[in-house]
Amino acid sequence: MRICSILGIWVSLLMAHPQIRWTKSYGGDDDDVGCAIQTTSDGGFIVAGYTYSFGPTWGNVWLLKLDSGGDTVWTKVYDSGKDFDDAKSVEQTKDGGYLLVGNAGLGTTDGEIWVIKTDANGDTIWTRRYGGGQGDFGHCGRETSDGGYIIVGSTYRNYEYRIWVLKLNSAGDTIWSKIAPHASAGLSVRETSDGGYIIGGAYNTSMSEDKLWLIKLNSDGGLVWERTYDDLSGGRCIEVLSDGFIVTGSTMWGGFGDMYLLRVDPQGNEIWRKTYDRGEEECGRCVRQTPDGGYIVVGYSGRIPPYLIYILRADNSGDTLWTWLYEGSGDWDDGWAVDICNDGGYIISGAIGPGDWDLHLIRTYPEPKVESGDNMFPITKPKVFPNPFGEKTNIYFQLSQPTSVKISLYNSLGERLRERILSLSKPGAYLIPFDGRNLRSGVYFLRAEFASTRVTFKIIKR
């Protein structure tokens, strides 16, 4: 973030996050959380998580099908017969149905990995549980190119948790399973272009000095390579790129770390890493590659309390384009997942407090696209909002190339009151907060000059 003085007033100059299209909350009187979300083939959304408001036991898997406007098409509650059920991942499968992976009896001594396969209406085709007796966790699952499924989680063996990977056929029967030889936690999995799998997790979780652990398996579960990365913790989400992988998480297992992005090549060799420290506790829960080759990350940031949903947009080198601290309740908010919508906007899933959580969705408009050439405003023209304003307003504009911007303030008689020149080194969308508390009520004019373009705004101070 760069700080500059406009019209004698100190303001911050930021790349602007996309505007909100809609937000909606779902739930009842108790905790309800959306842990995973995906844009579906019909342009709507599927959301999975857990509910303590609905269902026969204390904590059930909750699946919601929504249309493109966030209105409910149907919801389903799945009960294992135990308390503390949840779903940590959801994916629309090739047959139009859904794969859910989570937990039956999360955190209990008889907890099991729970996999649910549904049809397009959320009706159960089959369910399977894996483990039991010692306490196991399910974190992530994906449909594979052979019509089966790959599942990752953790199993409790020899007084410690270890990564557990299961390959299932289309009916949920186990083809093979692999368990790590030492303390670890399996958090994310993806199929790779060669038919193998990449696993993201935490290494040495029983000790204080845990590390990020990436494991590459072949199609039969054989080890191809493994890498650990110092000063980073569990890979909560991993995405397959055309030439490697991108991982996000926290620099410290169990909290009080910083959000990070790690970029590695197909053999797991580090290309770059970036940490994003706001001076609070930050964690990246989900990352997606954007159409321009950059990344969108969602997680949380804060201290106890408040926590806020933390959204970060980075370019293909991990450099920050914009950040967004979304305050839903102002108390205890949490971002869990993000996906890219059909129009290029974002859908973000999480939960907001205070008190009992509600499942919360944020749907944004697409980011303004900056095109090459002489057109300074290829998507939207500059605008000022709100207008009229009380104490503060904002100047929003886009640049297609680095340039100098001159901003001048005039009164209703045409007298120039202030003038400042800004040097903007990057193309993109900019938001300039304008503090008008020192102005008297009345009509003013803001003029912005960009190279050969001049735009004048009439603004009203209430």
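If a residue must be over 18 Å from the mean Cα position of the chain (by Cα), buried (at least 18 other Cβ atoms within 10 Å of the Cβ) and more than 14 Å from THR124 (Cα to Cα), how many such residues does region 69-91 contain?
First pass over region 69-91, keeping only residues over 18 Å from the mean Cα position of the chain (by Cα): 69, 71-86.
Keeping just the survivors that are buried (at least 18 other Cβ atoms within 10 Å of the Cβ) gives 76, 78, 80, 82, 84-86.
Applying the additional criterion that residues be more than 14 Å from THR124 (Cα to Cα) yields 82, 84-86.
Selection size over region 69-91: 4.
Out of all the residues in region 266-289, which are among the hydrophobic types (A, V, I, L, M, F, W, C) and either outside any strand (DSSP E or B) or modelled with pLDDT under 95 (or both)?
At the first step, the residues of region 266-289 found to be among the hydrophobic types (A, V, I, L, M, F, W, C) are 271-272, 283, 286-287.
Hit for region 266-289 is CYS283, nothing else.
For region 331-381, which residues satisfy the criterion of being over 30 Å from PHE450 (Cβ atoms), among the polar types (S, T, N, Q) and at pLDDT 90 or above?
The answer is SER349, and nothing else.
Which condition number in (1) under 21 Å from PHE256 (Cβ atoms); (2) surrounded by fewer than 18 Cβ atoms within 10 Å (Cβ to Cβ) is the one that ARG227 fails?
Result: ARG227 passes all but (1).
One residue is enough: does region 256-265 have a residue meeting the conditions assigned to a loop (DSSP other than H, G, I, E, B), in the same structural domain as GLY345 (by TED's automatic domain parsing) and basic (Lys, Arg)?
Applying the first criterion (assigned to a loop (DSSP other than H, G, I, E, B)) to region 256-265 yields 256-258, 265.
Remaining after also requiring in the same structural domain as GLY345 (by TED's automatic domain parsing): 256-258, 265.
This time we only want the ones that are basic (Lys, Arg), so: none.
No - not one qualifying residue is present in region 256-265.
Please find, within region 183-207, the residue that is farthest from THR118 (Cα to Cα) out of those that are without any contact (Cβ under 8 Å) to a residue 40 or more places away in the chain and exposed (fewer than 15 other Cβ atoms within 10 Å of the Cβ). Break it down into steps so the answer makes sense when it comes.
Keep residues of region 183-207 that are without any contact (Cβ under 8 Å) to a residue 40 or more places away in the chain, which gives 183-184, 194, 196, 203-204, 207.
Adding the requirement that they be exposed (fewer than 15 other Cβ atoms within 10 Å of the Cβ) leaves 194, 207.
Numbers: ASP194: 28, MET207: 39 Å.
In this case the residue turns out to be MET207.
When residues of region 28-52 are filtered for being buried (at least 18 other Cβ atoms within 10 Å of the Cβ) and either charged (D, E, K, R) or over 21 Å from GLU91 (Cα atoms) (or both), how many remain?
Residues flagged as buried (at least 18 other Cβ atoms within 10 Å of the Cβ) and either charged (D, E, K, R) or over 21 Å from GLU91 (Cα atoms) (or both) within region 28-52 amount to 3.
Quick one: in region 127-162, which of the residues that are over 11 Å from ILE179 (Cβ atoms) and of a type in the set (Phe, Trp, Tyr) is surrounded by the fewest Cβ atoms within 10 Å (Cβ to Cβ)?
Filtering first and then ranking leaves TYR159.
Out of curiosity, is ASP343 farther than 22 Å from VAL47 by Cβ and assigned by TED's automatic domain parsing to the domain that holds SER25? Spell out how you get there, then give the answer.
Numbers: farther than 22 Å from VAL47 by Cβ: no; assigned by TED's automatic domain parsing to the domain that holds SER25: yes.
It is false that ASP343 is farther than 22 Å from VAL47 by Cβ and assigned by TED's automatic domain parsing to the domain that holds SER25.
State all residues of region 213-232 that are outside any strand (DSSP E or B) and over 29 Å from PRO291 (Cβ atoms); if no residue qualifies, say none. Break it down stepwise before answering.
Within region 213-232, the subset outside any strand (DSSP E or B) is 218-222, 230-232.
Residues satisfying the conditions are ASN218, SER219, ASP220, GLY221, GLY222, ASP230, ASP231.
Do we have TRP58 as at pLDDT below 95 and of a type in the set (Phe, Trp, Tyr) here? If you could, list the steps in order and put the result at the bottom.
Numbers: at pLDDT below 95: yes; of a type in the set (Phe, Trp, Tyr): yes.
Yes; evaluated as a whole, the condition is true for this residue.
Residues that are touching a residue at least 24 places away in the same chain (Cβ under 8 Å), at positive phi and part of a strand (DSSP E or B): does region 236-244 have at least one? So that I can check it myself, show each step before the final result.
Restricting attention to region 236-244, the residues satisfying the condition of being touching a residue at least 24 places away in the same chain (Cβ under 8 Å) are 236-241, 244.
Filter once more, so that each one left must be at positive phi: 244.
Those still in the list that are part of a strand (DSSP E or B) too: 244.
Scanning region 236-244, I find at least one residue that is touching a residue at least 24 places away in the same chain (Cβ under 8 Å), at positive phi and part of a strand (DSSP E or B), so the answer is yes.
Report whether or not SER25 is at pLDDT 95 or above and surrounded by fewer than 17 Cβ atoms within 10 Å (Cβ to Cβ).
Yes, satisfied.
May I ask you to list pairs of residues, at least six apart or on different chains, whose Cβ atoms are under 6 Å apart, with the first in region 43-68 being in the same structural domain as TYR346 (by TED's automatic domain parsing) and of a type in the set (Asp, Glu) and the second being surrounded by fewer than 22 Cβ atoms within 10 Å (Cβ to Cβ) and part of a loop (DSSP other than H, G, I, E, B)?
Short answer, once both residue conditions are applied: ASP67/GLY44.
Here is a check on your reading of the model: is ALA87 in contact (Cβ under 8 Å) with a residue 12 or more places away in the chain, under 25 Å from ASP42 (Cα atoms) and small (Gly, Ala, Ser)? Quick ask: steps written out before the conclusion?
Working: in contact (Cβ under 8 Å) with a residue 12 or more places away in the chain: yes; under 25 Å from ASP42 (Cα atoms): yes; small (Gly, Ala, Ser): yes.
So ALA87 fits the description; yes.
Would it be correct to say that VAL247 is within 27 Å of LEU361 (Cβ to Cβ), out of contact with any Lys or Arg (no Cβ under 6 Å at 6 or more places or on another chain) and at pLDDT 95 or above? Walk me through how you get there before you give the answer.
Values: within 27 Å of LEU361 (Cβ to Cβ): yes; out of contact with any Lys or Arg (no Cβ under 6 Å at 6 or more places or on another chain): yes; at pLDDT 95 or above: yes.
Taking the combined requirement at face value, the residue satisfies it.
The values are calculated or read from the model by the stated rules, or taken from the named source; none is laboratory data. As the structure is a prediction and not an experimental result, all values here were calculated from the model. Please note: Cβ atoms are built from the backbone with ideal geometry, for glycine as well, and neighbour counts cover all protein chains shown.
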